[in-house]
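Everything on this sheet refers to the single structure shown next.
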């Protein structure tokens, strides 16, 4: 697939379009460093937005939920979906509330989901697990057949995507008339891991898993 994202009326950003990025590698980096997406669709004539964990499998996104969930069953019926993934990287403090903003990396994916068949379901769940918790798949027991039967995995192609990135200081000019006694700049934001909390039924002698330690260190 081309390294360029599509430029079409449905993917073209019209507001602050200088922030749109057409580099597929930028999209992959954005998705690979995020763990939470929001899926929007219309259900019974009303808009619905669900937060979901996800994984990326090449040029598609994988999400999963319960086979008993009416939301996931309806998302799999071919109806249009809109999925967003956003990193909030900082708050931009200008000398007015009007000019203040945020630094971010965001993507909006449009398309329809297809069901991952049973033969590929375990591999798809492995991808999602490794995306959310790197290294964890090798530490846990295999899926039980009843767990696989209770899980619905959906695949959404990354073929119609808009990526928008802002990473700037506040807009200011030498002679803009704003008082320089008001501080202006950026407050960077990032996700930080806390201390791992051991479950009640885990013996105190059991060491924290290597995957947990590694991710905690990465997010320290």
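Values quoted throughout were computed directly from the atomic coordinates according to the rules given, and no laboratory measurement underlies them. It should be emphasised that the depicted structure is a prediction, and the values quoted were computed from it without experimental measurement. Cβ: placed from backbone, ideal geometry, glycine included. Neighbour counts: every protein chain shown.
According to the square roots a ≥ b ≥ c of the eigenvalues of the Cα gyration tensor, what is the shape class of segment 107-158, taking rounded for a/c under 1.5, prolate for a/b larger than b/c otherwise, and oblate for the remainder? Judged from the Cα gyration tensor, segment 107-158 comes out oblate (a/c at least 1.5, b/c at or above a/b).
Taking the C-alpha atoms only, the angle from helix 118-132 to the longest principal axis of the chain is near 40 degrees.
A Förster radius of 30 Å, combined with the Cβ-Cβ distance separating residue 145 from residue 73, puts the computed FRET efficiency at roughly 0.90. Using the empirical formula 2.2 N^0.38 Å as the baseline, the Cα radius of gyration of segment 132-220 reaches a ratio of 1.92. Counting neighbouring Cβ atoms within 10 Å and putting the fewest first, the residues 22, 54 line up as 22, 54. Considering the chain as a Gaussian network with a 10 Å cut-off on Cα pairs, which listed residue, 153, 52, 163, attains the greatest mean-square fluctuation? Per the Cα network of the chain with a 10 Å cutoff, 52 tops the list. Legend: ranking of residues 162, 106, 205 from fewest to most surrounding C-beta atoms inside 10 Å; resulting order 205, 106, 162.
Our note on the geometry: Cα centres of segment 1-78 and segment 81-136, 7 Å apart.
Over the residues of the chain, the helix contribution to mean residue ellipticity at 222 nm works out to -5500 deg cm²/dmol, using -39500 (n - 2.57) for each DSSP H run of at least 4. Counting other Cβ atoms within 10 Å as a rough exposure proxy, the listed residues 147, 173 run 173, 147 from fewest neighbours to most.
For segment 1-38, the residues whose amide N sits under 15 Å from a probe point set 7 Å from the Cα of residue 167 along the beta carbon direction are 19-34.
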